[in-house]
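The values are calculated or read from the model by the stated rules, or taken from the named source; none is laboratory data. Just so it is clear, the model here is predicted, and its values are computed rather than measured. Cβ placement follows ideal geometry from the backbone for every residue including glycine, while neighbour counts extend to all protein chains displayed.
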There are 2 protein chains.
Amino acid sequence: MTDHAPPGLSLGPGPEFDLIREMLARWGHRAVGVGDDAAVLDVPRGDKLVVSVDAAIDGRHFKRDWLGAREIGYRSVTAALSDLAAMAAHPLGILVALELPEARRAALADLADGIADAVDAVATRILGGNITASDRLGLTTTVLGSAFAPLTRSGLEPGHSIYVTGRFGGPGAAVGAWTSGRMPTPEQRERFARPVARIRESLWLADHGATAAIDVSDGLAADLEHLARASAVGIDADLSLLPLTPGVIDHIAAAASGEEYELVIGSRVSMDTREFERRFGIPLTEIGHATSRDGAVQFRRGHERVAKPEGYDHFSR
Amino acid sequence: MTDHAPPGLSLGPGPEFDLIREMLARWGHRAVGVGDDAAVLDVPRGDKLVVSVDAAIDGRHFKRDWLGAREIGYRSVTAALSDLAAMAAHPLGILVALELPEARRAALADLADGIADAVDAVATRILGGNITASDRLGLTTTVLGSAFAPLTRSGLEPGHSIYVTGRFGGPGAAVGAWTSGRMPTPEQRERFARPVARIRESLWLADHGATAAIDVSDGLAADLEHLARASAVGIDADLSLLPLTPGVIDHIAAAASGEEYELVIGSRVSMDTREFERRFGIPLTEIGHATSRDGAVQFRRGHERVAKPEGYDHFSR
């Protein structure tokens, strides 16, 4: 780090200074701190600190011909911020470590703008970063938040209702289209390229009786299993109740679609789904309930039992 | 993140689970948290949160034939922790994002042990992480600390004394030897492979009158300039006073040697250097003082004025 750098933006001498200056010019007031070896910030008194790190790598988490640089910046940071939503934490800020190939030098401004978009979407700040020359584009994002009573995966009790935010299937359908040489519909592409970290929704849900949460990154079916296992309960879920992204018709495929970044929550009380939809413009839908301790996750489509929806995977594996 | 994972260790389904299990087995009690989407921790009431991120990439920050995997893990995390030392912050924990090539799969245990060594050296914890398949080995480390009154680069006033911890020149001499096809001496190699994050030293110095600090990553001469500029003062430094790593004879080269991770501090009072050396086993040496506001950094060797020592650079640039 040098005194040219924003808080925590560490970098040796060399032409990379120009890269930092370019990003700082884009970020403006969003980059805050004292320009020192590390950034210094306050955690609200009585709150816990909530932290997580997430990487998005070209060729593994996205492909260049699918997304523009601004979308890549936005999506990478949003995916990391989604972990704060899963904990019902208020964002305190992010740190971004960027690996930038020389050949993609011209994409820096758009990447910086996309990072700024993600930060603006949840009204947070950039507390530091790092740039390294690389053979491929990559963003590693650390997210910091605070919460008085974080939601966890282990807070689900038998009898609790299971709700999901939003509509499912878009990202899976988009990746499916691209990998088959087709173009996804605009709605499906948008759900892949511009997911939303459900921070405001999560804070509202935690205030209205939610006791457990997880964000959907591996696919709803897989993440329901994670939730059940962490809480040592079973779950009975009717996938036919799942709201679908326009153009998606298969509820089973939608339950296998990953990187949705919607929330699954458990609640001991009935939620006012109409008020939620009015407030946030997306549905909140009860899809099932938790069953006895150490039960399994039972997937249904109406009255029909179905096998666990599988199939979503990182495209590059 | 899944429920198999430790706090914040996020990973999709697949064989990478085995990688996580292997690291967790190595880390044991050092990996702490609730195994959720993010780790949850306390910041001491009244303290500021101090955060920074740093990346170490194969071929750029180290070479495989110079260091073993355990040293790579240790050195990468220690370099990041050094930013907490520069702020006189107590470590709260680290998050590690690892990029691991398939061909280096067998190095994982040693990398994990090296990360554990670095964490043990400053008595902190692993709060989360991420693993991604990659073409080259890389570690991005986020460090979290807390401090009631962090030291900064801007706390230097005219008349303050400038001290340095430790002995200089080892890492530069080691890199110089390797890049010339020679072997460094054991002491020089050790200083490159096993730097120390001067956390305990920094806390003691802050308690005994230090008001400004920076860690030496770009070379002492460059980092003195950073300190002077951030504080808007000048500095007069006599490089002949600099203690040298055994085998290093050139004070000018030692002042250009980077990645020392020793501390430069400014103090309004005279330090008890004998007590410091007794306590920490390394020298604390006064090498100059701060001069008038907006002065330049003047380098001397005894009474002889010398040009700014330059030459250290990442070997790969």
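Scanning the stretch A:23-56 for residues that are modelled with pLDDT of 90 or more, of a type in the set (Val, Ile, Thr) and within 24 Å of the chain's Cα centre (by Cα) yields A:43, A:50, A:51, A:53. Has the stretch A:245-260 got any residue that is within 19 Å of residue A:88 (Cα to Cα), part of a loop (DSSP other than H, G, I, E, B) and under 18 Å from the mean Cα position of the chain (by Cα)? Yes: the stretch A:245-260 contains one or more residues that are within 19 Å of residue A:88 (Cα to Cα), part of a loop (DSSP other than H, G, I, E, B) and under 18 Å from the mean Cα position of the chain (by Cα). Apart from one condition, residue B:143 fits all of (1) buried (at least 24 other Cβ atoms within 10 Å of the Cβ); (2) within 27 Å of residue B:51 (Cα to Cα); (3) not assigned by TED's automatic domain parsing to the domain that holds residue B:64; the exception is (3). Hey, does the stretch B:106-113 have a residue that's surrounded by fewer than 19 Cβ atoms within 10 Å (Cβ to Cβ) and either facing chain A (nearest Cβ under 9 Å) or at pLDDT below 95 (or both)? Yes, the conditions are met somewhere in the stretch B:106-113. Which one of these does residue A:214 not meet: (1) among the aliphatic types (A, V, I, L, M); (2) away from chain B (no Cβ under 14 Å); (3) within 30 Å of residue A:46 (Cβ to Cβ)? Result: residue A:214 fails condition (2) only. Here residue A:80 passes the criteria (1) over 30 Å from residue A:227 (Cβ atoms); (2) assigned to a helix (DSSP H, G or I); (3) among the aliphatic types (A, V, I, L, M) except the one numbered (1).
Quick check on residue B:202: is it at pLDDT below 95, closer than 19 Å to residue B:287 by Cβ and surrounded by 19 or more Cβ atoms within 10 Å (Cβ to Cβ)? So residue B:202 fails the test.
Among residues of the stretch A:68-103 being among the charged types (D, E, K, R) and within 14 Å of another protein chain (Cβ to nearest Cβ), the one that is farthest from the chain's Cα centre (by Cα) is A:102.
Answer yes or no as to whether residue A:88 is closer than 18 Å to residue A:124 by Cα and assigned to a helix (DSSP H, G or I). Spelling it out, it is not the case that residue A:88 is closer than 18 Å to residue A:124 by Cα and assigned to a helix (DSSP H, G or I). Looking at residue B:268, is it surrounded by fewer than 16 Cβ atoms within 10 Å (Cβ to Cβ) and farther than 26 Å from residue B:159 by Cβ? No: the conditions fail for residue B:268.
Being without any contact (Cβ under 8 Å) to a residue 60 or more places away in the chain and either in contact with a Cys (Cβ under 8 Å, 6 or more places away or on another chain) or within 9 Å of chain A (Cβ to nearest Cβ) (or both): is that true of residue B:132 here? Taking the combined requirement at face value, the residue satisfies it. Picking from residues in the stretch B:41-67 that are closer than 21 Å to residue A:55 by Cβ and at the interface with another protein chain (Cβ under 7 Å from one of its Cβ atoms), the one that is surrounded by the fewest Cβ atoms within 10 Å (Cβ to Cβ) is B:60.
Looking only at the stretch B:142-160, filter to residues that are touching a Ser or Thr at 6+ places or on another chain (Cβ under 6 Å) and assigned to a strand (DSSP E or B); which one of those is farthest from the other protein chains (Cβ to nearest Cβ)? Among those residues, the one meeting the criterion is B:143.
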